[in-house]
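What follows is calculated from the coordinates using simple rules that are stated; it is not laboratory data. What you see is a predicted model, and the numbers here were worked out from it, not measured in a lab. Here Cβ is always computed from backbone atoms with ideal geometry, including for glycine, and neighbour counts include all displayed protein chains.
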Amino acid sequence: MSAAFGRFFLPGPTEVLPEILEAQAAPMIGHRGSETERLLEACAGPLRAVFRTSRPVMIATCSATGLMEAAIRNGVRRKVLCLVNGAFSQRFADIAAACGTEAHVAKVELGRTFEPDQVRQLLKESGADAVTMVHSESATGALNPVAEIAAAARETGDDVMVLVDGVTSVGGSPVETDAWGLDFVLTGSQKALALPPGLAFGVASERMIERAKTIRGRGIYLDLVVHEEQIRRNQTPYTPAVSLLFALRAQLLRIEQNGGIEARWLEHERMRQRAERWAGERGAELGVSYLPEPGRRSWTVSCLRLPENPGGSVLARAMKAKGFVIASGYGKLKDSTFRIGHMGDHTVAELEAVLDALNEALRRG
Ligand SMILES: *Cc1c(COP(=O)(O)O)cnc(C)c1O
């Protein structure tokens, strides 16, 4: 099984190491018993290290979208500013609409990012008391300057909650929850943390929890006030996906043993740099180029423009025939781009093999 590792490069779900998959096969334990408490306790410190926070990290049994919905339902009092630069950031706006939350939706072109001055202006104009953004927009490979945007939001007052989807950044590139002053950061298990899908993790600032307490209609399943109370006692409000918690503990231990979160960031940075160098050296000849600007590129997802032939879907099929799974573009970019998800436990050496295969697939296309 391990011989096959290094062939699956979707921007989520990501490839999971055999030993992590095997950790799930442990016998069931009662979720109100001391064994589960010990399990959650063992995850607490390492999860805080991953999120760079001293706050408790909540564990929800749902996909990442569940905690995106929690962000809106727990964090917005009057109106939310949704920064939309791709399909996942659009999801926050869709959730706001579905929850009946008033939203001001700001859009930039696909592949672009939001910049602090612009956000300062948008916050003033909109009068919003929360702002949503996706750090690494997996649909376009663009990396928003979240630290600078959060600082700009802070300047406009203490009233604005900064709500961040870190699904393809947490665990793969620097996210400094506390130092950047983020009010809610969330991720899912199946992206840069390289676990099977099914768990979501989130950190709420004290301000966020205080705000949530004042909001009615935040629901039951994803009530962050309750989630935080429970996780402080190494409990979850409802039955957690126990098997996934076994995998989580094993993966967090692995990350610690392999040099910690900074070593993990570094390997992702190297993968991004390797893909950028490839595009720089071979891009002109192969007809491909990065969609986002330099300095605004995700460390975990590279999204490149393609010539009309082959389109993204054809390229993904050609790569499949060579034994590699990569992604076509997303949504409107389906055929005009393709994406390599170089995240999780992949390494530069494995990425080399993908790039070699791309050289062939693109030359023939
Ligand atoms: C994958 C992804 C999501 C959605 O995750 P689900 O786990 O499918 O709910 C949200 N945001 C980003 C940036 C993603 O990459």
**Message:** In the chain, once you exclude exposed GluC sites (Glu not before Pro) (DSSP loop, at most 11 other Cβ within 10 angstrom), what's the longest stretch remaining?
**Reply:** 110-307
**Message:** List the aspartates and glutamates whose Cα sits under 13 Å from the Cα of Lys320, skipping any in the same chain fewer than 8 residues away.
**Reply:** Glu360
**Prompt:** Could you name the lysines in cross-link range of Lys107, using Cα to Cα under 20 Å and dropping any fewer than eight places away on the same chain?
**Reply:** Lys79, Lys124, Lys332, Lys334
**Request:** Please identify, among Gly166, Gly100, Gly127, the residue showing maximal mean-square fluctuation in a Gaussian network model of the chain using a 10 angstrom Cα cutoff.
**Result:** Gly100
**Asked** Pick from Trp265, Trp299, Trp278: which is most flexible by mean-square fluctuation in a GNM of the chain where alpha carbon atoms under 10 Å apart are linked?
**Response** Trp278
**Asked** If you take the square roots of the eigenvalues of the alpha-carbon gyration tensor of region 71-215 and sort them as a ≥ b ≥ c, do you get rounded (a/c under 1.5), prolate (a/b over b/c) or oblate?
**Response** rounded
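Kirkwood Rh over Cα pairs of the chain into Stokes-Einstein at 37 °C, 0.692 mPa s: D in µm²/s? Before the final figure, lay out the partial values.
On the way: Rh = 20.7 Å.
Estimated diffusion coefficient is 158 µm²/s.
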**Request:** Using label points projected 7 Å from each Cα along Cα→Cβ, tell me how many nm separate Glu262 and Lys124, to one decimal.
**Result:** 3.9
**Prompt:** What area, in nm² and to one decimal, does the C-alpha convex hull of region 260-364 cast on average over all directions?
**Reply:** 6.4
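Over the chain, what is the relative contact order in percent, taking alpha-carbon pairs closer than 8 angstrom and at least six residues apart?
24
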**Asked** Which of Ala194, Ala128, Ala179 moves the most in a Gaussian network model of the chain with Cα springs under 10 Å?
**Response** Ala179
